[in-house]
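Nothing in this text is a laboratory measurement; each read-out follows from the coordinates by a stated rule. Predicted, not measured: the structure shown is a model, and the values here were computed from it. Neighbour counts are summed over all protein chains in view; Cβ atoms, including those assigned to glycine, are modelled from backbone coordinates with ideal geometry.
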Amino acid sequence: MRKVEREVYLQVLDNLWMQHLENMDHLREGIHWISVGQQDPLVEYRRRGQLLFEAMQNNLRHEVLRTILHSEPVSQEQLDRAMETDLTIAARSSVENASQIVDNQNEFEEKDFNKQADKPKKKQPSNIKKARKSERQRKTAAKKRRRH
């Protein structure tokens with residue numbers, strides 16, 4: 001039972017910790033709005049970060065207990081049977097020629113996978129290049145005039 005408790009605890013902690021890191025990232029990205037309300041962003045970041053961490057700990061306790069209390073024993077036969085998930089079913093049906101791919105000993109080159117390498121790059125007409133160059137020169141001259 002202790003092993004089951006430990007596994008459940010670690011699995012729930014892993015999921016909640018990833019959510020907590022995402023929440024902290026969102027908090028960090030939006031904390032600058034706190035200064036609009038005349039509050040110190042650093043103090044608010046620490047306070048709200050602590051609240052998020054405490055909420056995560058409470059959620060951890062709740063989820064671990066809920067998972068353990070709702071768990072049911074499984075027979076050894078069910079454990080030994082391979083599990084069919086949506087991902088494994090989709091993977092099996094997506095590659096119809098999987099045995100041919102595995103058995104194939106041909107050497108592949110980069111050009112077999114990179115279709116863009118076969119296409120020559122288009123040259124820009126010289127008038128477009130000249131127009132862009134003159135635009136850059138005009139902007140540079142305008143910046144110099146503003147400085148003086």
Legend entry - Distance between modelled label sites at ARG136 and GLN50, nm, 7 Å Cα→Cβ extension: 5.4 nm
Inset, instruction - Mind giving me the nanometre distance, one decimal, between the label points for ASN59 and GLN39, set 7 Å out from Cα along Cα→Cβ? - result: 2.0 nm
Legend entry - Inter-probe distance in nm under a simple model that places probes 7 Å from Cα toward Cβ, at VAL4 and ARG145: 8.1 nm
